1. Across the stretch 33-40, in residue order, what do the Karplus-derived ³J(HN,Hα) couplings come to in whole Hz, using 6.51 cos²θ - 1.76 cosθ + 1.60 with θ = phi - 60° and x for Gly and Pro?
2. What are the ³J(HN,Hα) couplings of the stretch 46-62, residue after residue, when phi is run through the Karplus curve with 6.51, -1.76, 1.60 and θ = phi - 60°? Round to Hz, x for glycine and proline.
3. Please turn the phi angles of the stretch 77-89 into ³J(HN,Hα) values with the Karplus equation 6.51 cos²θ - 1.76 cosθ + 1.60 (θ = phi - 60°), one per residue in order, whole Hz, x for glycine and proline.
4. Using alpha carbon centroids, what distance separates the stretch 35-59 and the stretch 78-97, in Å?
5. By the gyration tensor of its Cα atoms, with a ≥ b ≥ c the square roots of the eigenvalues, what is the shape of the stretch 47-96: rounded for a/c under 1.5, prolate for a/b over b/c, or oblate?
6. Which pairs, out of LYS37/LYS66; LYS94/LYS144; LYS39/LYS88; LYS37/LYS143, put more than 32 Å between their alpha-carbon atoms?
7. Determine the shape class of the stretch 20-104: with a ≥ b ≥ c the square roots of the Cα gyration tensor eigenvalues, call it rounded for a/c under 1.5, and otherwise prolate if a/b is greater than b/c, oblate otherwise.
Amino acid sequence: MDHEYVIAYADKSVLKISGVKVKGLNTRDLEEKLGEKLKTFVRVIGVTGDNIEMDVYDIDPSQVRKNEDGLIESLALVEGVTSTELTKLSCSDKIVAVDFDKVPDTPESDCMMERWMKWPRNHATEEELEEVEELEEEEAAAKKSEN
């Protein structure tokens, strides 16, 4: 199964948005679509995935990352950001994973940044919550053993 993510900046947070199919390089249309759904200003940083189907003419080669089969895996859409930096950003622990189809029609908080800080817990499955709790317990035990 192909996975495709839009890496975007919104409300002082970096988001990894799934559930959006990107065709072509019209970032303005993509930003408008995301902005309408998220009810905020969105700046698209790039796209990552297993197999991104786009024509990438006139793009700096440092902004495109292809696998050994020549399939595009990441594409930085902001000038000055390389595909390597985009890939590192998309794997960051601090990035907020958002499913486009699960975004509510109205924001859940008046503070937009707080909305994304609470997002993982408010929209996680039971299985994901259990994983987070296990990791938090492991981190707490590790800190306790250090002291």
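Laboratory data are not the source of any read-out in this text; all were calculated from the coordinates shown. Because the structure is predicted, anything quoted here is derived from the model rather than measured.
1. Result, ordered by residue: 4, 5, x, 5, 6, 7, 6, 6 Hz.
2. x, 10, 10, x, 6, 7, 8, 9, 8, 8, 10, 6, 6, 10, 4, x, 6
3. Whole-Hz 3J(HN,Hα) from phi for the stretch 77-89: 10, 10, 4, x, 9, 8, 5, 5, 5, 5, 5, 4, 4.
4. Here the two parts' Cα centres lie 12 Å apart.
5. Details: a/c = 2.09, a/b = 1.35, b/c = 1.55.
Taking the square roots of the gyration eigenvalues as a ≥ b ≥ c, the stretch 47-96 is oblate.
6. Details: LYS37/LYS66 30 Å; LYS94/LYS144 23 Å; LYS39/LYS88 27 Å; LYS37/LYS143 40 Å.
The pairs that break the limit, which is 32 Å between Cα atoms, are LYS37/LYS143.
7. Details: a/c = 1.74, a/b = 1.47, b/c = 1.18.
Because a/c hits 1.5 or more and a/b exceeds b/c, the stretch 20-104 counts as prolate.
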